[in-house]
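Visitor: Below is the structure I would like to discuss, written out as structure tokens.
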Amino acid sequence: MPPLEEALLVPSSPGRFKIYRPQSHIMNRAFHRCFASTTMVLLWALILIAFTASYLTFVDTGNRYLHHSSFWDHGGIGGIQWEKKVRSSAQILRADGISVLVTGAAGFIGTHVALALKTRGDGVVGVDNFDNYYGPSLKRTRRALLEAHGVFIVDGDINDQRLLAKLFDTVAFTHVMHLAAQVGVRYGVDNPYSYVHSNVAGLVTLLEQCKCAGRQPAVVWASSGSVYGVNNKAPFSESDPANPPASLYASTKKTGEEITHTYNRLYGLSITGLRFFTVYGPWGRPDMVYFSFTRNISEGTPITVYRVKDRVDLARDFIYIDDVVKGCVASLDTSGKSTGSGGKKKGSAPYRIFNLGNSISSPVTVPAMVRILEDSLGMKAKMDVTDVTGNVDFSFPHVNISLAQKELGYNPTTDLQSGLRKFVKWYLWYYGKPSAHLNQF
Ligand SMILES: *[C@@H]1O[C@H](CO)[C@@H](O)[C@H](O)[C@H]1NC(C)=O
Ligand SMILES: *[C@@H]1O[C@H](CO)[C@@H](O)[C@H](O)[C@H]1NC(C)=O
């Protein structure tokens, strides 16, 4: 609503304004002349009524605007249209379905999980801050893909308390799939606060919201295999003590496990932490090595391969996205209920942690991975092999997934060869014909 003063400002010369004030002696003369007859009195009364009526209408529209749109300063969040989209996206379309808030929904795993839930008839609402960590264009395309399937993604940050409150006011979520995070290991050297902002502060803001809900949702969230830290014992098991974290990313994920444990004990929130290992596949993260190997090989640029002096090649435990999605969905389905309400604990609730890694073809050597990519692309890689000397920890992260197998029925079925083939197929399609993005599913 424009302030009333503005209506009295009239331009005197370009770019300058003077205040237009009716002068009092002119007013007095006009007053006497005008009220000389009863006709004029009636006329004035009519004008007054008309003015009051239009003023009230103006104030009313102004208030409506204030409450539903300008109050939320980012793109109509909280508006009537916004609420409609959120509600429609959260609608459950199957018996015993769940309604899930997916954070980081425009991310790699988030997109796949949101799509899987929506496809089976669950209600899904996404939230994502579309940060610039690996360029926003892939995230925007993933969003378009989800929206084409009826999943609405709110453009916002999990640190925004008002946004979260508004979302929980609009939908009584039964579950939260918390995948929003600052990822990457080397990025932490130059951007330490980004990890604290997303992985610690953002996590607490989200848990506060879940804790305060009248009917607390169950929370499933992304921890990381990196919490095993500098560890030479293989395979990693959930019961192993965690070692000193090797990166800020790992520290904040380990901190997240402590924080979620606290919320579970104090407020009765049902918590499931998933320790993801190296997840790969279509719509994957461009900052990951398999992605950049594929890009370089397809463009004919060299790739750097590290080799330690005893000829053992650095390898990671790769896990295909479809297998991970099954683990995520099974975690939601078996989460058990939170017990608290409005910030008060009413009983104990489950606290679980699972390794989501691979067991069938792991660990994998880097040259083996490069050979698969070469075959899938039909091109030869130019390799810069760098011998690594010195005291570098190149242990094979080999994961024990028997707990997830037992509790979640988690059973990865995609071996590296077929998984990477599917990735390369997607890669060539995505970067070859950008206009056909949405026909993939
Ligand atoms: C891919 O090529 C770029 C330069 O074109 C290089 O900076 C990068 O390290 C290469 N990626 C890998 C994984 O070797
Ligand atoms: C794997 O994990 C399960 C469950 O946590 C545990 O009982 C088992 O001893 C572990 N196996 C190995 C080889 O560490």
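The values are calculated or read from the model by the stated rules, or taken from the named source; none is laboratory data. For clarity, every value in this text was computed on a predicted model and none was experimentally measured. Glycine gets a Cβ as well: all are built from the backbone with ideal geometry, and neighbour counts include every protein chain shown.
Visitor: Residue check, THR252 against (1) surrounded by 23 or more Cβ atoms within 10 Å (Cβ to Cβ); (2) closer than 28 Å to THR339 by Cα; (3) at pLDDT below 95, all met but one. Which one?
Guide: Evaluating THR252 over (1) surrounded by 23 or more Cβ atoms within 10 Å (Cβ to Cβ); (2) closer than 28 Å to THR339 by Cα; (3) at pLDDT below 95 leaves (3) as the failure.
Visitor: Is there any pair with a first residue in the stretch 139-167 that is over 12 Å from ALA106 (Cβ atoms) and a second that is modelled with pLDDT under 95 and part of a loop (DSSP other than H, G, I, E, B) whose Cβ atoms are under 6 Å apart and which are 6 or more apart or on different chains, and what are they?
Guide: LYS166/GLY78
Visitor: ARG295 versus (1) exposed (fewer than 15 other Cβ atoms within 10 Å of the Cβ); (2) more than 19 Å from LEU416 (Cβ to Cβ): which is the lone unmet condition?
Guide: The one condition ARG295 does not meet is (2).
Visitor: Tell me the residue from LEU420, LEU403 that is away from ligand 2 (no atom under 16 Å from the Cβ) and at pLDDT 95 or above, please.
Guide: LEU420
Yes/no per residue for (1) buried (at least 18 other Cβ atoms within 10 Å of the Cβ); (2) modelled with pLDDT of 85 or more; (3) more than 14 Å from ligand 1 (Cβ to nearest atom); (4) more than 22 Å from the chain's Cα centre (by Cα):
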{"residue": "ASN231", "(1), (2), (3), (4)": "no, no, yes, yes"}
{"residue": "GLY256", "(1), (2), (3), (4)": "yes, yes, yes, no"}
{"residue": "THR262", "(1), (2), (3), (4)": "no, yes, yes, yes"}
{"residue": "ASP287", "(1), (2), (3), (4)": "no, yes, no, no"}
{"residue": "ILE303", "(1), (2), (3), (4)": "yes, yes, no, yes"}
{"residue": "TYR306", "(1), (2), (3), (4)": "no, no, no, yes"}
{"residue": "ARG311", "(1), (2), (3), (4)": "no, no, yes, yes"}
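Visitor: Also, I was wondering about something else. In the stretch 180-231, what residues are among the β-branched types (Val, Ile, Thr), in contact (Cβ under 8 Å) with a residue 60 or more places away in the chain and either within 23 Å of THR339 (Cα to Cα) or in a helix (DSSP H, G or I) (or both)?
Guide: Correct list: VAL219, VAL220.
Visitor: Residues SER251, SER292: which one is among the hydroxyl-bearing types (Ser, Thr, Tyr), in a helix (DSSP H, G or I), free of Cβ contacts under 8 Å to residues at least 60 places away in the same chain and not assigned by TED's automatic domain parsing to the domain that holds VAL325?
Guide: From the options SER251, SER292, the qualifying one is SER292.
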